[in-house]
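Engineer: The following block contains the structure, expressed as structure tokens.
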Amino acid sequence: MKDIILTGDRPTGNLHLGHYVGSVKNRIKIQNTVDYDKFYIMIADTQALTDNHDNVSKVRNNIIQVAIDYISAGIDPSKVNIFIQSMVPELAEITTYFMNLVTVSRLQRNPTIKEELKQRNFEKSLPIGFLNYPVSQAADILAFGSTIVPVGEDQLPMIEQTREIINSFNYTYSPKEKIFNEPKAYLSEEKICQRLPGLDGKLKMSKSAGNAIYLCDDSKTVKEKIMSAYTDPNHIKVSDPGQIEGNVVFSYLDAFCQDEHFEKYLPEFSSLDDLKNHYRMGGVGDVKVKNFLYQIIEELLTPMRVRREECLRNIDKIYQMLFDNSKKVSKEARKTLEKMKTAMGLNYKQIFTASEDEKNYEINKNKKNIIKAKTF
Ligand code: TRP
């Protein structure tokens, strides 16, 4: 069986370099190298509302931004189904049935939820929708039979929760046919890409922390941001020995730099290890390293800017594509939902409209079904 790939992002802001190395880059790699069956990228507006319920316009406006970010970054809409979560109501219905299979305390133990609760000051007053988002994420993943979920490391607990839901569903309802595939996370190989630090060096790169370089930033902004990045506060003079650990510029080089960049932009060093050694010993200034990083990031972002211009000329087409895809994938999710309802014994329509013969067959087959059939 060929793989089915699904992933998504909350449309709460533009995508940044953390998203790029953590997940978007992998999606492009999969799109261009894997012989998959289907590939879905969901713009998770419903999930975004779980901590933005009073700011719908922000979420709504960011849907097109995120879609443009994807296409600019290299996602090919002819190979990938990009769709809008709230336009697939089946996902909400699947979520409802899954909610019975998960306890509140299980969700409260989810390490990502725990951290996010703190960040959002939800400890005292916790919206049910927010606590429940791992369950709704399981619905996203399972509705389409996903086998591979390219995500950042913070999403691993959601995949774990998804597997538990499969087990619990199968245990409770014993479906006659297999409904769900076991999903696997697809993480970036390099640790640094799984959690790219922000420009301030404190937290991971994120919109809310205001420490991000966005895929849509222009050259001048990128330069200013890189020049302001946190390095080693004790590396004051060029001749001072410098520290690599915790130095954001080197973290970014770890994530983005390849050997060929040295030849092109910094030929006096042969490799990143070589540069690091010299920096440690003293004699390499921050501005030089930052300029090097700037050129590498510009090499990545320049072709994205060209594609972005193209997207901006075709906004209507992108909206149409999102609407069409959402309708199409909604039908696919419905198939999963129907299978679930059959397994659960909620397939009333089938039972109601069954011919007399079929009803008799059901009755003979299983006494319990007599009661069911009669009750209707
Ligand atoms: N939780 C993901 C994020 O915050 C978005 C998301 C929603 C998702 N549903 C998903 C990711 C399903 C992977 C699979 O970025």
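The values are calculated or read from the model by the stated rules, or taken from the named source; none is laboratory data. On a predicted model such as this, the values are computed, not experimentally measured, just so you know. Quick reminder, even Gly has a Cβ in these numbers, built from the backbone with ideal geometry, and neighbours come from all protein chains shown.
Engineer: Sort through ILE94, ILE43 and tell me the only one that's buried (at least 21 other Cβ atoms within 10 Å of the Cβ) and either without any contact (Cβ under 8 Å) to a residue 40 or more places away in the chain or touching a strand residue (DSSP E or B) at 6+ places or on another chain (Cβ under 6 Å) (or both).
Structural biologist: Among ILE94, ILE43, only ILE43 is buried (at least 21 other Cβ atoms within 10 Å of the Cβ) and either without any contact (Cβ under 8 Å) to a residue 40 or more places away in the chain or touching a strand residue (DSSP E or B) at 6+ places or on another chain (Cβ under 6 Å) (or both).
Engineer: Restricting to segment 58-101, and then to whatever is hydroxyl-bearing (Ser, Thr, Tyr) and within 15 Å of the ligand (Cβ to nearest atom), can you tell me which residue is farthest from GLY345 (Cα to Cα)?
Structural biologist: Taking segment 58-101 first, the residues hydroxyl-bearing (Ser, Thr, Tyr) are 70, 72, 78, 86, 95-97.
Checking which are within 15 Å of the ligand (Cβ to nearest atom) leaves us with 70, 86, 95.
Values: TYR70: 40, SER86: 26, THR95: 17 Å.
Of everything passing the filter in segment 58-101, TYR70 is farthest from GLY345 (Cα to Cα).
Engineer: Could I ask something else about it? Only residues that are over 14 Å from ALA229 (Cα atoms) and loosely packed, with under 15 Cβ neighbours inside 10 Å: list them for segment 281-294, please. If you could, list the steps in order and put the result at the bottom.
Structural biologist: Step one: filter segment 281-294 for residues over 14 Å from ALA229 (Cα atoms), giving 281-284.
Hits for segment 281-294 are MET281, GLY282, GLY283.
Engineer: A further question follows. Can you confirm whether segment 102-112 contains a residue that is within 13 Å of the ligand (Cβ to nearest atom), surrounded by 16 or more Cβ atoms within 10 Å (Cβ to Cβ) and assigned by TED's automatic domain parsing to the domain that holds TYR36?
Structural biologist: Yes: segment 102-112 contains one or more residues that are within 13 Å of the ligand (Cβ to nearest atom), surrounded by 16 or more Cβ atoms within 10 Å (Cβ to Cβ) and assigned by TED's automatic domain parsing to the domain that holds TYR36.
Engineer: Touching a residue at least 40 places away in the same chain (Cβ under 8 Å) and either more than 12 Å from the ligand (Cβ to nearest atom) or loosely packed, with under 14 Cβ neighbours inside 10 Å (or both), is that true of GLY129?
Structural biologist: For GLY129, the condition - touching a residue at least 40 places away in the same chain (Cβ under 8 Å) and either more than 12 Å from the ligand (Cβ to nearest atom) or loosely packed, with under 14 Cβ neighbours inside 10 Å (or both) - is met.
Engineer: Could you count how many residues in segment 196-216 are part of a loop (DSSP other than H, G, I, E, B) and surrounded by fewer than 20 Cβ atoms within 10 Å (Cβ to Cβ)?
Structural biologist: Number of matching residues: 10.
Engineer: Residues in segment 153-195 that are crowded, with 19+ Cβ neighbours inside 10 Å, away from the ligand (no atom under 12 Å from the Cβ) and outside any loop (DSSP other than H, G, I, E, B): how many?
Structural biologist: Counting residues in segment 153-195 that are crowded, with 19+ Cβ neighbours inside 10 Å, away from the ligand (no atom under 12 Å from the Cβ) and outside any loop (DSSP other than H, G, I, E, B) gives 5.
Engineer: May I ask you to list the residues in segment 143-152 that are more than 7 Å from the ligand (Cβ to nearest atom) and closer than 24 Å to GLU338 by Cα?
Structural biologist: Once the filter is applied, which keeps residues that are more than 7 Å from the ligand (Cβ to nearest atom) and closer than 24 Å to GLU338 by Cα, segment 143-152 yields ALA143, PHE144, GLY145, SER146, THR147, ILE148.
Engineer: Something else now. What residue, among those in segment 18-45 that are over 17 Å from GLN85 (Cα atoms) and aliphatic (A, V, I, L, M), is nearest to the ligand (Cβ to nearest atom)?
Structural biologist: Among residues in segment 18-45 that are over 17 Å from GLN85 (Cα atoms) and aliphatic (A, V, I, L, M), the one nearest to the ligand (Cβ to nearest atom) is VAL24.
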